[in-house]
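Each remark here refers to the structure printed beneath this line.
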Amino acid sequence: MTTATPPLLEHVCEVALRPNDFDRAGHLNNSVYLQLLETGRWEWGIAHGVDARADTLVAMVLQLHLDYLRSVDWDPVGRVVVRTSLAEHSPYSFSLAQNVELRDGTVAARGRVRLALVDPHTKRAHRVDLGAMPGRPESPA
């Protein structure tokens, strides 16, 4: 029997849905999922001591993959859960695995985003120092 390795640097947040997040068919609009993932990334960073609002570097999306698995149906005061964890990293980028989940734990969408840290003035990428993040495990994924 094998035991599952817990996700690295996981953070879970609940995000409120708004009436205008839904399309005419009564489903959460596909573009809203991207906004939910971005909210999850901001909260993930703040939860792990990386507050980009006060940093001189900005996180730039290099790649985004998103699988829509189940519709989120009309609920203008509903909430979803965004689960974010470190998936992998290299010297100049890192990837986060993200799920958008219904409150019962059903995964509605699964995403993966690769980010780089860039100086907004010089447009140069900087080394990603995950070792400086509080609570970081010894061996990254």
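The values are calculated or read from the model by the stated rules, or taken from the named source; none is laboratory data. Fair warning: this is a prediction, and the values are worked out from it, not measured in the lab. Cβ placement follows ideal geometry from the backbone for every residue including glycine, while neighbour counts extend to all protein chains displayed.
Limited to the stretch 32-45, what total is found for residues that are among the polar types (S, T, N, Q) and in contact with a helix residue (DSSP H, G or I) (Cβ under 9 Å, 6 or more places away or on another chain)?
1
Just to be sure, is residue 100 surrounded by 15 or more Cβ atoms within 10 Å (Cβ to Cβ), at pLDDT below 95 and closer than 22 Å to residue 14 by Cβ?
Considered against the rule, which asks whether it is surrounded by 15 or more Cβ atoms within 10 Å (Cβ to Cβ), at pLDDT below 95 and closer than 22 Å to residue 14 by Cβ, residue 100 comes out as no.
Quick one: which of 116, 97 is more than 10 Å from the chain's Cα centre (by Cα) and either on the phi > 0 side of the Ramachandran plot or among the small types (Gly, Ala, Ser) (or both)?
From the options 116, 97, the qualifying one is 116.
With respect to residue 113, determine if the residue is crowded, with 16+ Cβ neighbours inside 10 Å, touching a strand residue (DSSP E or B) at 6+ places or on another chain (Cβ under 9 Å), modelled with pLDDT of 95 or more and among the hydrophobic types (A, V, I, L, M, F, W, C).
yes
For the stretch 70-92, does any single residue satisfy the condition of being surrounded by 15 or more Cβ atoms within 10 Å (Cβ to Cβ), of a type in the set (Ser, Thr, Tyr) and over 17 Å from residue 21 (Cα atoms)?
yes
Run residue 105 past the list (1) at negative phi; (2) without any contact (Cβ under 8 Å) to a residue 40 or more places away in the chain and report the number of the one that doesn't hold.
Unmet for residue 105, out of (1) at negative phi; (2) without any contact (Cβ under 8 Å) to a residue 40 or more places away in the chain: (1).
Are there any pairs, at least 6 apart or on different chains, whose C-beta atoms fall under 7 Å, with the first in the stretch 24-51 and under 16 Å from residue 94 (Cβ atoms) and the second in a loop (DSSP other than H, G, I, E, B), and if so, which?
45/51; 48/133; 48/134; 48/135; 49/133; 49/134; 50/133
Could you please let me know if residue 33 is surrounded by 12 or more Cβ atoms within 10 Å (Cβ to Cβ) and more than 24 Å from residue 130 (Cα to Cα)?
Considered against the rule, which asks whether it is surrounded by 12 or more Cβ atoms within 10 Å (Cβ to Cβ) and more than 24 Å from residue 130 (Cα to Cα), residue 33 comes out as yes.
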